[in-house]
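Written out below as structure tokens is the structure these notes cover.
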Amino acid sequence: MIFIDTLRMATSEFASNKLRTGLTMLGIIIGVGAVIALMAAGQGAQAGVTSKVRGLGSNLIFVKPATTGSSGGGIRDLRSLTLTTDDATSLRDQTVFPEISAVVSQFGGSDTSADTSQTSLQTQLIGNGRNTTAIITATEPNFVTVRNYTVAAGAFITSDDMDRKSTNVVLGSKVAADLFDTPASAIGQNVRINFGPVNLSLTVIGVLATRGGNGSDDTQMILPLTTFATRLPFIRSTNGKQNVQEITVKVTDAGKLNQAKLAITNTIAANHGGTQDFTVSTQDDLLTTANEVSRTLTILLGAIAGISLIVGGIGIMNIMLVSVIERTREIGIRKAVGANSRMILMQFIIEAVIVTVAGGAIGVLVGVVAAKVANGQDFGTGSTITTQVTSTSILVASGVSVLIGLFFGIYPAYQASRLDPIEALRKD
Amino acid sequence: MMIRLRHLSKIYRSGDVFVPALQNVDLDIDYGEFVAIVGASGSGKSTLMNIIGCLDRPTRGVYELEGHDVGRMNDIQRAKVRSRRIGFVFQSFNLLSRPSALSQVELPMIYAGMGDRRRRAAHALAEVGLSDRMHHKPSQLSGGQQQRVAIARALVTDPALILADEPTGALDTKTTGDIVGLFERLNREHGITVIFVTHEPEVAEHTRRTITLRDGRIISDVPTARSTVVQFPGTVAPAAPAAQAAGEAPA
């Protein structure tokens, strides 16, 4: 029997059973759509993290305390951080570290590494009669160059601000936009923070350019580290030293990254009496970790969506088993006019595969559209979702849907092919 | 000899009870014959038809169709014989419910792998007088017209044998005459062997040989009483009344 004829038979079967075919297909459409959309979300997150880490600037090494103070443990935990400004100072010795071009300490701040364990010092910020939420970054003047930020209006904090422990502040673009109409109009204005017991009035001296992405670059407010340390004494460690949450080191040459990493590790370990209570990672290390996390996320999302695909397949099997019983007489007629069991088997398998292929194609469309629609939305959570549809996910989803059609179609088709023509014709 | 049955038995089993449907049947039917198989219900007529039609296999004994032992064939081989050599006509027409008459008639050719199907199907429908109903669905046709579609479907693959199981059982008297006349013509003009199962004596009268079954055994096998003895196609027997009437109005 010619393949084309079977296809034609199947399509006319579907044409006369539109509702049932549509509902059967719906299971596959939802399954494939979910696989595509959720994998796009996973891939998007991965791409977002990658571009964010790359966007930090090149040739960077990040030094962090082994425990960064968990948000669950509260602010008291910040006292027990193991990294201090002394460590940063020792890295600034050009004779020991000729390959290091800049060192900047920070407390709080935008989450650089997709490492969500770092405490975000989130605060309410009031200005111009409005209020918004911002993340406090307490740092040093060269933060802006090391981290590759652009100042959109005004200026960044200076070493003079550090020395005077001034109450000058630089706002991220979103914070500025929330409180003031334009970046320029924010300059010179006063803002007020309510951070625990600390109630501080600050003067806006600069606004950063928008960086975008799904991080918190645009929602931060940057203070001089010294000001922060004075006003918020709890960040001092028990031995009176000034704690920091992160030291960013810029290396002159990418080729010297690993060498610098080793030297930094040795120096800080020596400072800490040989204890390695901190981590030193390069951008590549961060990328590797972040990618592992987002790959796990993608697989997890794909697996959840895959379950709905299997449920769709079971739906096909269910409908087909009913349909075989309903079409018993038809099968008997076909056998009487010359069909053998293989031809009947093929007819029913092809019907199942057509449903899944058509459902898969529509599902791909639905998934891609859903991914596009979701791209850039925050769904009220404050962090925008980035989606990225890859050809791999489309291929995998459509391939799996065909396999599901075959797998769940074979048993009903086998039942159909085994029907005894005499029995089948006797049925009314 | 086209059909040769020797000591053929068919025994059905239901639970622990064995029900013999056919017992020790010996039968020869030659090419070009027009045979009626008659008998009360439960006499084994349909079982015999199913075995001759390769839909069923005998429990014991030999069935040879055109020299091939059907009992030794597998499902695929028997399907091939049905497809190439046998046409079926049923009491309840057994048309698919949705396709047009033309598609119904094309169906056996799909399974037989034949080409030129549209033209052949149209030709077969013309043969049974349904040229003007080719695109009608079964629901738009009268009983007699549906049976004509079924006959065209049986005819279209050029079978050597047409098996008709009570083909007029669901039709009124006039239509019965038309359908029987159609079978007579196919037998006479195309030399197709036709075997009828019927319980209507007036239908059996149109055949040339009547085989009577009772309790699974052949109790008589005689030339049909009223028929003019015509052994070969070409020497024309008197046509049945209205046999050539081409198509009746839908019921």
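A short reminder: the numbers here are calculations on the coordinates, not readings from a lab. Keep in mind that what you see is a predicted model, and the values were worked out from it rather than measured. Ideal geometry is used to build each Cβ from the backbone, glycine not excepted, and the neighbour counts take in all protein chains shown.
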(request) Quick one: among A:301, A:365, A:19, which has the greatest mean-square fluctuation in a GNM of chain A with alpha-carbon springs under 10 angstrom? (result) A:19
(request) Select from A:183, A:412, A:197 the residue whose mean-square fluctuation is largest in a Gaussian network model of chain A (Cα-Cα springs shorter than 10 Å). (result) A:197
(request) Sum -39500 (n - 2.57) across every DSSP H segment of at least 4 residues in chain B, then divide by the residue count to get the 222 nm mean residue ellipticity, nearest 500. (result) -9500 deg cm²/dmol
(request) Between residue A:322 and residue A:418, take the C-beta separation as r, use R0 = 22 Å, and let me know the FRET efficiency to the nearest 0.05. (result) 0.85
(request) With springs connecting C-alpha atoms under 10 Å apart, model chain A as a Gaussian network and identify which of A:294, A:159, A:281 has the largest mean-square fluctuation. (result) A:159
(request) Taking the Cα atoms of chain B, report the difference between the largest and smallest coordinate on each principal axis, in whole Å and largest first. (result) 51, 41, 35
(request) Figure the gain on full extension for residue A:266 and residue A:142 (residue separation times 0.36 nm, minus the Cα-Cα span) and round it to one decimal in nm. (result) 42.2 nm
(request) Calculate how steeply helix B:117-127 sits against the longest principal axis of the alpha-carbon atoms of chain B, using the helix alpha-carbon long axis, and give the answer as 0 to 90 degrees to the nearest 10. (result) 90 degrees
(request) Specify whether the C-alpha gyration tensor of the stretch B:42-99 places it in the rounded, prolate or oblate class, a ≥ b ≥ c being the square roots of the eigenvalues: rounded for a/c under 1.5, otherwise prolate if a/b is larger than b/c and oblate if not. (result) oblate
(request) Give me the aspartates and glutamates in straight-line cross-link reach of residue A:241: C-alpha distance below 20 Å, same-chain residues under 8 apart excluded. (result) A:77, A:86, A:87, A:93, A:140, A:163, A:277
(request) First measure r as the distance between the Cβ atoms of residue A:26 and residue A:130, then evaluate 1/(1 + (r/R0)^6) with R0 = 41 Å and state the FRET efficiency to the nearest 0.05. (result) 0.30
(request) Looking at the protein assembly as shown, send over the antiparallel percent of its DSSP beta bridges, to the nearest 5. (result) 70 percent
(request) For the protein assembly as shown, build the charge dipole from Cβ charges (+1 Lys, Arg; -1 Asp, Glu) around the Cα centre, then report which of B:161, B:109, A:333 sits farthest towards its positive end. (result) B:161
(message) Starting from the 7 Å offset along Cα-to-Cβ, what nm value, one decimal, do you get for the label separation of residue B:170 and residue A:300?
(response) 6.1 nm
(request) Report Rg/Rh for the stretch A:250-307, rounded to two decimals, where Rg is the Cα radius of gyration and Rh the Kirkwood radius. (result) 1.24
(request) Quickly estimate the mean residue ellipticity at 222 nm for chain A, helices only: each DSSP H run with n ≥ 4 gives -39500 (n - 2.57), and the total goes over all residues, rounded to 500. (result) -17000 deg cm²/dmol
(message) Quick check on the exposure proxy: order B:137, A:250 from fewest to most C-beta atoms within 10 angstrom.
(response) B:137, A:250
(request) Sorted from largest down, give the three principal axis spans of the alpha carbons of the stretch B:89-237, whole angstrom values. (result) 43, 30, 29
(request) Take the Cβ-Cβ distance between residue B:30 and residue B:72 as r, set R0 to 25 Å, and report the resulting FRET efficiency rounded to the nearest 0.05. (result) 0.65
(message) Let me check the size of the protein assembly as shown from its C-alpha atoms; what are the radius of gyration and Dmax in Å?
(response) 43.5, 132
(request) Show the residues, 5+ positions off or on another chain, whose built amide H is closer than 5 Å to the amide H of residue A:210. (result) none
(message) Can you classify the stretch B:1-135 as rounded, prolate or oblate using the Cα gyration tensor, where a ≥ b ≥ c are the square roots of its eigenvalues, rounded means a/c under 1.5, and otherwise it's prolate if a/b beats b/c and oblate if not?
(response) prolate
(message) Limiting things to C-alpha atoms, what are the Rg and the maximum Cα-Cα separation (Dmax) for the stretch B:74-124, in angstroms?
(response) 11.8, 33
